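Colleague: One structure follows; several queries about it will come next.
The values are calculated or read from the model by the stated rules, or taken from the named source; none is laboratory data. Here the structure is a predicted model, which is why all the values come from computation and not from measurement. Glycine also receives a Cβ, built like all others from the backbone with ideal geometry; neighbour counts cover every protein chain displayed. What goes into the accessible areas is simple: the full protein's heavy atoms, side chains included, and nothing from ligands, DNA or RNA. Shrake-Rupley method; radii C 1.70, N 1.55, O 1.52, S 1.80 Å.
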Amino acid sequence: MSPLASLSPISLTDLVAESALLTRVDRKYLLTTAQVDAALTDLPAGTRVLEIEGLRRFDYASTYFDTDDRQSYRLAATARRRRWKVRTRSYLDTGTCWLEVKTRGPRGTTVKARQPHPVGMPSALTADAAGFVEHTLRDQGVPLPRDGWDAAPALDTAYRRSTLALADGARATIDTRLRWTSPDGTELAPEGVAIVESKGGSTPTSLDRALWAAGHRPVRISKFATGLALLDPTLPAHRWHRLLTTTGSLAA
């Protein structure tokens, strides 16, 4: 039986109320699914799992947008302070979609702004959506051309996610069944791989401590940038190069 099955459930309403964490510190880990199960057995009492209508794992799909010269990718690759990501995220099990803009805040925090997006239009930005993106980026100090922000779909991702409400008030996500697809239809789907992400304050979460005790350390990985790099070898060397060359799990 999966360790997730033994956890108490938490509703989406309670999860949002307790740990929305739109400004947070993210720590990411690249694990096998077996390593994830082992880590979950060491979490303290009080850890709960998001459950909606009996489901504890949910299918997600995202479309990431970037400029023609891959500005979002290049800023992330060089760890620039004013880097950004823009995506639509579709919650396939609940039939909803959101437009999200992620930027960097002070002291390494991640700031996320979001608004509802038309279902069935994940790869298209309406005038209102484009205006929301541009306003958010400018508000966060991201330098934009005078004629405004302009980008197109650069990568599609799909995965299955479980979300944990940790006993210390933080949150964590576990993504499996990863799949990346480029605009030309090229696809990569590594097997047996999980990306685990803790989302808390500056203090390590209970999940971080459990993973560290098992010998795992945070890695520099981004589903957007890593997937784009794997599918487009013409892109320049980046901050994830060591990860991609020391493990064959993602390129399998």
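Colleague: Residue under question is residue 172, and the condition is that it be open to solvent by 20 Å² or more (accessible area, probe 1.4 Å), aliphatic (A, V, I, L, M) and modelled with pLDDT under 95; does it hold?
Modeller: no
Colleague: Would you tally the residues in the range 35-55 being in a helix (DSSP H, G or I) and either modelled with pLDDT of 90 or more or open to solvent by less than 40 Å² (accessible area, probe 1.4 Å) (or both)?
Modeller: Total satisfying the criteria: 4.
Colleague: Answer yes or no as to whether residue 131 is at pLDDT 90 or above, surrounded by fewer than 17 Cβ atoms within 10 Å (Cβ to Cβ) and farther than 15 Å from residue 71 by Cβ.
Modeller: Yes, satisfied.
Colleague: For the range 194-207, what are the residues that are open to solvent by less than 50 Å² (accessible area, probe 1.4 Å) and either within 26 Å of residue 75 (Cβ to Cβ) or of a type in the set (S, T, N, Q) (or both)?
Modeller: Selection gives 195, 196, 197, 198, 199, 200, 201, 205, 206.
Colleague: Count, please, the residues in the range 56-75 that happen to be more than 19 Å from the chain's Cα centre (by Cα) and either open to solvent by 60 Å² or more (accessible area, probe 1.4 Å) or over 15 Å from residue 144 (Cα atoms) (or both).
Modeller: Adding up the residues that qualify gives 2.
Colleague: Could I ask something else about it? What's the number of the condition residue 215 fails, among (1) out of contact with any strand residue (DSSP E or B) (no Cβ under 8 Å at 6 or more places or on another chain); (2) open to solvent by less than 40 Å² (accessible area, probe 1.4 Å); (3) over 25 Å from residue 68 (Cβ atoms)?
Modeller: If we test residue 215 against (1) out of contact with any strand residue (DSSP E or B) (no Cβ under 8 Å at 6 or more places or on another chain); (2) open to solvent by less than 40 Å² (accessible area, probe 1.4 Å); (3) over 25 Å from residue 68 (Cβ atoms), just (2) comes out false.
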